[in-house]
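Colleague: First the structure, which I've put down as structure tokens, then a few questions once you've had a look.
The values are calculated or read from the model by the stated rules, or taken from the named source; none is laboratory data. What you see is a predicted model; the values in this text were computed from it and never measured. Don't worry about glycine lacking a Cβ; one is built from the backbone with ideal geometry, like all the others, and counts go over all protein chains shown.
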Ligand SMILES: Nc1ncnc2c1ncn2[C@@H]1O[C@H](COP(=O)(O)OP(=O)(O)OP(=O)(O)O)[C@@H](O)[C@H]1O
Ligand SMILES: [Mg+2]
């Protein structure tokens, strides 16, 4: 278990249990967990067609912590949602010609093109945990119920096991006293931590996060960055989109997008603080 650093925010004691490993060491292989092969995405049609991703190739391996950076509109969210099976690549270019070779997304070795929507939803619920800029919690439900939801959908555990695990995850993120509180009565930072707990509920192979600190103040952003760091040290695979260059740099690998393409992989554009462009 990694040592917990006490950061300037003084929030670290929360994470005493964060490095639950779930045997991920055994999974550390060179086989990709997520793979994009010649991935194109075209939205709209005719004159309004927008060619958003232009043949992206990217492989994410178990235990990697990857950040995706780039200017607004460069296609980061589109790529993240495709990698997580929330969306599918396009077959044809704006003129109607099929892409060659066809775009492919593989999740844990499964070609998503071979899965129907129900099968894809199952794979997504089992393999991927999503964290968004806006937490999308069900506000009339308690923190515990929100975290329980993906486990209830998966149906692997009994109701009591699910509620116990939800409470354990919330405790892990310092929300032990907020388990029974309705989501709309939590602060923004607390809500985002509930959303992270929810993302981890089914022990996902990968956590996919789209600007998870985009809506948080500095202190809560640091808290989330620290959670991600600790998760990564515990073996969790993470792919995160962020505009925050300091946060991006905490990842071990930085993928830079520009106008629908991956233009750099492994290095950060520019230096110093501020936004990553
Ligand atoms: N439904 C849609 N129809 C047409 N174009 C779209 C649609 N959704 C997104 N786009 C366009 O696709 C491009 C990429 O969008 P995307 O959301 O992936 O960018 P991003 O890199 O995540 O940007 P940001 O940093 O602002 O979140 C943008 O130009 C956007 O306007
Ligand atoms: Mg985006």
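Colleague: For segment 233-253, how many residues are closer than 24 Å to residue 54 by Cβ, more than 16 Å from ligand 2 (Cβ to nearest atom) and surrounded by fewer than 21 Cβ atoms within 10 Å (Cβ to Cβ)? Outline the logic, then answer.
Modeller: Taking segment 233-253 first, the residues closer than 24 Å to residue 54 by Cβ are 239-243, 248, 251, 253.
The next check asks that each one be more than 16 Å from ligand 2 (Cβ to nearest atom); those that pass are 251, 253.
Now drop any that are not surrounded by fewer than 21 Cβ atoms within 10 Å (Cβ to Cβ), which leaves 253.
Result for segment 233-253: 1.
Colleague: Filter segment 157-173 down to residues that are modelled with pLDDT under 95 and more than 14 Å from residue 200 (Cα to Cα), then give me how many there are.
Modeller: 0
Colleague: Go through segment 150-162 and give me each residue that's in a helix (DSSP H, G or I) and more than 23 Å from the chain's Cα centre (by Cα).
Modeller: Going residue by residue through segment 150-162, those that are in a helix (DSSP H, G or I) are 150-154, 159-162.
Answer for segment 150-162, where residues must be in a helix (DSSP H, G or I) and more than 23 Å from the chain's Cα centre (by Cα): 159, 160, 161.
Colleague: Right, here's the next one. If we scan segment 110-117, do we find a residue that is over 26 Å from residue 148 (Cβ atoms) and within 16 Å of ligand 1 (Cβ to nearest atom)?
Modeller: no
Colleague: What residue, among those in segment 216-251 that are assigned to a loop (DSSP other than H, G, I, E, B) and over 15 Å from the mean Cα position of the chain (by Cα), is nearest to residue 60 (Cα to Cα)? Break it down into steps so the answer makes sense when it comes.
Modeller: So in segment 216-251, the residues assigned to a loop (DSSP other than H, G, I, E, B) come out as 216-217, 234-236, 242-243, 251.
Filter once more, keeping what is over 15 Å from the mean Cα position of the chain (by Cα): 216-217, 234.
On the way: 216: 27, 217: 30, 234: 17 Å.
Per the criteria, the residue is 234.
Colleague: Right, another one. Given (1) modelled with pLDDT of 95 or more; (2) more than 16 Å from ligand 2 (Cβ to nearest atom); (3) within 28 Å of residue 121 (Cβ to Cβ), where does residue 153 come up short, assuming only one miss?
Modeller: The number of the failed condition is (1).
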